[in-house]
């Protein structure tokens, strides 16, 4: 009987350890500088927004994708800041 209780307790501890939910760690932000006129700068910024799961990576209500929005924003975005962002909340600080 003691053996059965021990197996039961061990099973509960094992299941409990597996059920702990920890959010995934974000990928480290690359340490880069991107001149705003560099070809592919918007692609890099959109890739980072997608990696972080930011809303800015999804199409707008008008159907414009991240690249179109980025290219239209032009000088108003610090693209290097977007690429270095560690969380979506930091992206809001990248507007000039």
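Remarks
- Each of 52, 79 was scored by other Cβ atoms within 10 Å of its Cβ. Arranged with the fewest first, they read 52, 79.
- Among 84, 48, 96, the order by Cβ neighbours within 10 angstrom, fewest to most, reads 96, 84, 48.
- Fewest-first sequence of 50, 93 by Cβ atoms within 10 Å of each Cβ: 93, 50
Read-outs throughout are calculated quantities, based only on the coordinates presented, and are distinct from any laboratory measurement. Quick caveat: nothing in here was measured; it's all calculated off a predicted structure. Here the Cβ is made from the backbone with ideal geometry for all residues, glycine too, and neighbour counts use every protein chain on show.
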